[in-house]
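Heads up, the thing below is written out as C-alpha cells.
Every read-out reported here was derived from the displayed coordinates using simple, explicitly stated rules and does not represent laboratory data. For clarity, every value in this text was computed on a predicted model and none was experimentally measured. Counting neighbours? That spans all protein chains shown, and the Cβs are built from the backbone with ideal geometry, glycine included.
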C-alpha cells in the first residue's frame, strides 16, 4: 500500500513548505510546495500541490535512493530524512534540489 506522508516546515528565511513522500522500489519519492514570501501556509493546498508534483514527475519532484524501511518504521524514517535534508534549509538550496 502506498500511503502518502506529509511534512510541513520552514526555510531559514521563514518561508513555509510542504513535502509529500511515498516509499517505492527506488527509494523515497518526494514532491514539494514552497510558499512565496507573501503566502500563508494552507496545509490542504500545500498537500495537494506537493502530492501532484510527486505523482506526475514534474518540477518540484525528486527521489532519494537508499531508503527502504519496513512498514512500521516508515513514518520515523520519513521524518528523519526530511528534517536531515530539507527543514531549515535556505530557499535557494531547496529550489536547486527540486529544480524549481
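Taking the number of Cβ atoms within 10 Å of each Cβ as an exposure proxy, the fewest-first ranking of 18, 4, 65 is 65, 4, 18.
Here the extension length gained between residue 55 and residue 26 equals 9.1 nm, from 0.36 nm per residue of separation less the Cα-Cα distance.
In this rough spin-label picture, where each label sits 7 Å from Cα along the Cβ direction, the residue 38-residue 6 distance is 2.5 nm. Plainly put, the chain has a radius of gyration that is 0.94 times its Kirkwood radius, both from alpha-carbon atoms, as the Rg/Rh ratio. Taking the number of Cβ atoms within 10 Å of each Cβ as an exposure proxy, the fewest-first ranking of 79, 47 is 79, 47. What residues of the range 11-45 lie in the reach of a label at residue 95, counting those whose backbone N is under 18 Å from a point 7 Å from the Cα along Cα→Cβ? It comes to 11-18, 32-40, nothing else. By the count of neighbouring beta-carbon atoms within 10 Å, fewest first, 17, 23 end up ordered 23, 17.
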